[in-house]
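Visitor: Take a look at the following structure, please.
The values are calculated or read from the model by the stated rules, or taken from the named source; none is laboratory data. The shown structure was predicted, so the numbers you read here are calculated from the model rather than taken from an experiment. In this analysis, Cβ positions are derived from the backbone assuming ideal geometry, glycine residues included, and neighbour counts consider all displayed protein chains.
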Amino acid sequence: MDRRVRVRFAPSPTGALHIGGVRTALYNYLFARQHGGDMLLRIEDTDSTRFVPGAEEYILEALDWLGIGIDEGLRMKKGAKEIEAVGSHGPYRQSERREIYHTYVKQLLDSGHAYIAFDTPEELEAKRTEIPNFQYDARTRMQMRNSLTMPAEEVKRLVDGGEKYVVRFKVEPNEDVHVHDLIRGEVVINSNILDDKVLYKSADDLPTYHLANIVDDHLMEISHVIRGEEWLPSAPLHVLLYRAFGWENTMPQFAHLPLLLKPDGNGKLSKRDGDRLGFPVFPLEFHNEKDGTVSSGYRESGYLPEAVINFLALLGWHGSGDKELYTMDELIQEFSLDRVSKAGAKFDYEKGKWFNHQYLLQKSDEELAELFMPILETKVESRKTIAEVAKVIGLTKDRVNFVNELWEQVNYFFVAPTEYDEKSLAKRWKEDSPRHMQELIAVLENVSEEDWHKNYETTDDKGNAVIRWHLDDVVMPWIAEHEYGVGIVMNAFRICLVGAARGVHIWAITDVLGKEETLARVRAALRALN
RNA sequence: GGUGCUAUCGUCUAGUGGCCUAGGACAACGGCCUCUCACGCCGUAAACCCCGGUUCGAGUCCGGGUAGCACUACCA
């Protein structure tokens with residue numbers, strides 16, 4: 001029977017959404033979209049002690065920013081920073097599903113697949129230090145304080161009396177459990193190495209991940225579980241749980257994704273690596289109210305969501321050809337689980353920058369100007385219109401990876417230099433330069449306001465189409481006539497206008513600056529450098 | 001320690017027994033372009049973890065090592 005594809009992303013609200021989690025969400029989304037199925041979002045907040053305020057909003061906002069759409073469950077309301085719940089399988093927060101879990105805990109207890117245990121955390125800790133490799137399982141459970149070893153009346157008395165207890169899954173020993181993984185194939189684990197996992201704790205009246213996960217995935221009719229590789233070891237337990245419930249024929253298919261590894265050294269990428277290595281590991285900046293920390297985000301670092309998506313998609317997945325630039329639609333079209341790699345991928349921040357550069361170049365100058373305006377306003381009180389800013393960006397955008405790097409490329413268009421770069425001066429400001437500049441002023445003063453901005457298309461000596469400026473026709477003959485040397489004059493001129501030997505083509509600069517400002521800057525430089 | 005997963009350039013990866021003299025991309029390096037700095041273009045260097053086996057033929061299949069990682073909680 002072909003089931004409707006329904007996948008879920010089920011994060012815990014324990015802090016900012018890690019970039020590895022974002023990739024898991026992305027792959028789920030791509031898979032759902034490709035199959036015309038549903039992408040659900042469920043919040044797994046069964047650990048009340050690790051709850052972090054704001055984390056849920058953060059997760060939803062991050063997915064929204066990245067364009068990872070949610071069909072069912074919790075999501076950000078369109079155009080509003082407000083959470084909405086959609087769908088008929090709710091509630092979608094596990095903390096709101098207590099009664100549901102009660103039913104299923106009872107079912108397992110009644111069918112003998114689970115039992116009640118009274119051992120306290122302290123007692124268990126003592127056991128673990130006393131016996132090396134202690135595991136609560138078929139070999140040891142009969143020596144513990146639980147409903148298997150105690151008279152039923154006493155168990156009832158303890159429970160009724162409010163004694164804290166947990167419900168443990170009774171794993172039958174010596175059984176090979178087969179897990180079919182869409183990425184890794186058949187994985188077999190013997191049940192002897194599994195322990196009697198805690199499924200429910202009376203202390204907070206909440207199930208643990210394992211129980212809640214299976215119950216919810218079943219009830220929400222999830223067809224495919226696509227999650228991180230760290231879950232592979234517990235997959236056999238989950239299979240056993242489906243079996244104990246009698247749900248094996250509708251059990252979802254599993255796909256365990258390779259981990260995202262630290263760029264340096266070994267081990268999986270962690271939240272702390274970002275600050276240590278100087279790049280974000282979170283989609284958005286996050287202010288953790290619980291511990292007071294602030295984590296940097298891709299959005300605030302100037303990344304475009306399309307770039308983050310493309311970059312992440314290729315960390316663990318690759319199409320069949322050499323193509324590396326994918327739009328979300330193309331990813332939906334071409335993504336497939338069997339092209340997901342099995343080995344963990346080291347996180348390469350440098351490549352991420354390159355992706356952003358590619359997407360930045362695809363934006364129009366006007367779009368970039370809109371994004372840059374807020375940054376520009378913090379730098380200078382600009383009288384420039386958005387069209388003028390767009391023009392300047394058009395000249396400089398191929399030099400930057402991020403919108404927030406634009407300022408250092410365009411600053412000289414907005415403010416006249418007050419200092420002149422030592423190194424540029426040493427190399428490009430010659431003894432004759434002041435005289436050259438004096439003469440250049442005279443030459444340029446004769447150019448009309450109208451001619452100043454003129455340029456036309458022509459061909460160079462190789463026959464290539466090139467843009468030639470009217471000012472070329474004025475200045476070049478003058479340089480040639482006096483045999484000053486183009487490089488000598490132009491570099492000195494550049495220093496006057498920019499303050500250093502850098503920047504775009506000189507006539508593009510004079511065009512934006514205009515005649516008056518250009519000449520003013522040369523005069524100012526002459527005063528400063530004499 | 002136990003169990004599982006994994007293994008191609010520095011990094012992400014292509015590769016499904018002959019198309020591999022191992023391809024692409026990022027980064028690095030060199031050159032070209034040029035009034036500067038960039039962009040761009042061209043090029044260079046750079047890898048099949050080791051040992052066996054199967055086969056006419058192995059990066060590709062099998063076995064064994066080794067290494068890395070994950071899991072081993074009343075966390076997810």
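Visitor: With the checklist (1) under 27 Å from A:Glu61 (Cβ atoms); (2) free of Cβ contacts under 8 Å to residues at least 40 places away in the same chain in hand, flag the one item A:Pro283 doesn't pass.
Guide: (2)
Visitor: Across segment A:341-381, which residue is nearest to RNA strand B (Cβ to nearest atom) among those that are more than 23 Å from the chain's Cα centre (by Cα) and small (Gly, Ala, Ser)?
Guide: For segment A:341-381, the residue satisfying everything is A:Ser364.
Visitor: Then there's this: Within segment A:382-427, can you find the residues that are more than 16 Å from RNA strand B (Cβ to nearest atom), surrounded by fewer than 18 Cβ atoms within 10 Å (Cβ to Cβ), within 26 Å of A:Ser364 (Cβ to Cβ) and small (Gly, Ala, Ser)?
Guide: Selection gives A:Ser382, A:Ala387.
Visitor: Go through the residues of segment A:428-449 one by one and say whether even a single one is under 24 Å from A:Asp398 (Cα atoms) and surrounded by 15 or more Cβ atoms within 10 Å (Cβ to Cβ).
Guide: No, because not a single residue in segment A:428-449 is under 24 Å from A:Asp398 (Cα atoms) and surrounded by 15 or more Cβ atoms within 10 Å (Cβ to Cβ).
Visitor: Does A:Pro280 satisfy being more than 14 Å from RNA strand B (Cβ to nearest atom) and not in a helix (DSSP H, G or I)?
Guide: Criteria met by A:Pro280.
Visitor: Related question: Kindly provide the set of residues from segment A:497-519 that are part of a helix (DSSP H, G or I) and touching a Pro at 6+ places or on another chain (Cβ under 8 Å), ordered by number.
Guide: A:Leu497, A:Val498 - these are the residues of segment A:497-519 that are part of a helix (DSSP H, G or I) and touching a Pro at 6+ places or on another chain (Cβ under 8 Å).
Visitor: While we're on this one: Among the residues of segment A:223-244, is there at least one that is in the same structural domain as A:Ala55 (by TED's automatic domain parsing), within 16 Å of RNA strand B (Cβ to nearest atom) and of a type in the set (Asp, Glu)?
Guide: No, the conditions are met nowhere in segment A:223-244.
For every residue, the table says whether it meets (1) part of a strand (DSSP E or B); (2) under 15 Å from the mean Cα position of the chain (by Cα); (3) within 17 Å of A:Ala55 (Cβ to Cβ); (4) among the basic types (Lys, Arg).
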residue: A:Ala235; (1), (2), (3), (4): no, no, no, no
residue: A:Val239; (1), (2), (3), (4): no, no, no, no
residue: A:Gly274; (1), (2), (3), (4): no, yes, yes, no
residue: A:Ser301; (1), (2), (3), (4): no, yes, no, no
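Visitor: On to the next question. Go through segment A:34-63 and give me each residue that's surrounded by fewer than 22 Cβ atoms within 10 Å (Cβ to Cβ) and away from RNA strand B (no atom under 15 Å from the Cβ).
Guide: A:Gln34, A:His35, A:Gly36, A:Gly37, A:Pro53, A:Gly54, A:Glu57, A:Glu61
Visitor: Follow-up. Search segment A:1-19 for residues that are under 24 Å from A:Thr49 (Cα atoms) and pair each with any residue that is hydroxyl-bearing (Ser, Thr, Tyr) and not in a helix (DSSP H, G or I) when their beta-carbon atoms are under 7 Å apart and the residues are at least 6 apart or on different chains.
Guide: A:Ala16/A:Ser295
Visitor: Another one. Of the conditions (1) of a type outside the set (D, E, K, R); (2) in a helix (DSSP H, G or I); (3) more than 30 Å from A:Tyr303 (Cα to Cα), A:Val447 fails just one. Which one is it?
Guide: (2)
Visitor: Test of understanding: among A:Arg523, A:Arg502, which residue is touching a residue at least 60 places away in the same chain (Cβ under 8 Å), among the charged types (D, E, K, R) and more than 8 Å from RNA strand B (Cβ to nearest atom)?
Guide: Working: A:Arg502 fails: more than 8 Å from RNA strand B (Cβ to nearest atom).
It is A:Arg523.
Visitor: Here is a follow-up. Among the numbered conditions (1) within 7 Å of RNA strand B (Cβ to nearest atom); (2) touching a Ser or Thr at 6+ places or on another chain (Cβ under 9 Å); (3) not charged (D, E, K, R), tell me where A:Val188 comes up short.
Guide: Here A:Val188 meets the rest and fails (2).
Visitor: Something else now. In this structure, does A:Leu219 turn out to be touching a residue at least 40 places away in the same chain (Cβ under 8 Å), surrounded by fewer than 22 Cβ atoms within 10 Å (Cβ to Cβ) and within 9 Å of RNA strand B (Cβ to nearest atom)? I'd like the intermediate steps shown before the answer.
Guide: On the way: touching a residue at least 40 places away in the same chain (Cβ under 8 Å): yes; surrounded by fewer than 22 Cβ atoms within 10 Å (Cβ to Cβ): yes; within 9 Å of RNA strand B (Cβ to nearest atom): no.
Taking the combined requirement at face value, the residue does not satisfy it.
Visitor: Taking the condition assigned by TED's automatic domain parsing to the domain that holds A:Met328, surrounded by 15 or more Cβ atoms within 10 Å (Cβ to Cβ) and in a helix (DSSP H, G or I), does A:Ile70 pass?
Guide: Spelling it out, it is not the case that A:Ile70 is assigned by TED's automatic domain parsing to the domain that holds A:Met328, surrounded by 15 or more Cβ atoms within 10 Å (Cβ to Cβ) and in a helix (DSSP H, G or I).
Visitor: Let me ask something else. Residues in segment A:324-380 that are of a type in the set (A, V, I, L, M), exposed (fewer than 13 other Cβ atoms within 10 Å of the Cβ) and in contact (Cβ under 8 Å) with a residue 40 or more places away in the chain: how many?
Guide: Result for segment A:324-380: 1.
Visitor: Among the residues of segment A:73-113, write down those that are in a loop (DSSP other than H, G, I, E, B), over 20 Å from A:His238 (Cα atoms) and among the small types (Gly, Ala, Ser).
Guide: A:Gly79, A:Ala80, A:Gly87, A:Ser88, A:Gly90, listed by residue number.
Visitor: Looking at segment A:33-67, which of its residues are aromatic (Phe, Trp, Tyr) and in a loop (DSSP other than H, G, I, E, B)?
Guide: A:Phe51, the sole residue that qualifies.
Visitor: I'm trying to understand the selection: among the residues of segment A:484-520, which are of a type in the set (D, E, K, R) and at pLDDT below 90? Before you say what the answer is, go through the steps one by one.
Guide: Within segment A:484-520, the first condition is being of a type in the set (D, E, K, R), and the residues that meet it are A:494, A:502, A:511, A:515-517.
Within segment A:484-520, none qualify.
Visitor: What number goes with the only condition from (1) within 14 Å of RNA strand B (Cβ to nearest atom); (2) surrounded by fewer than 19 Cβ atoms within 10 Å (Cβ to Cβ) that A:Leu312 does not pass?
Guide: (2)
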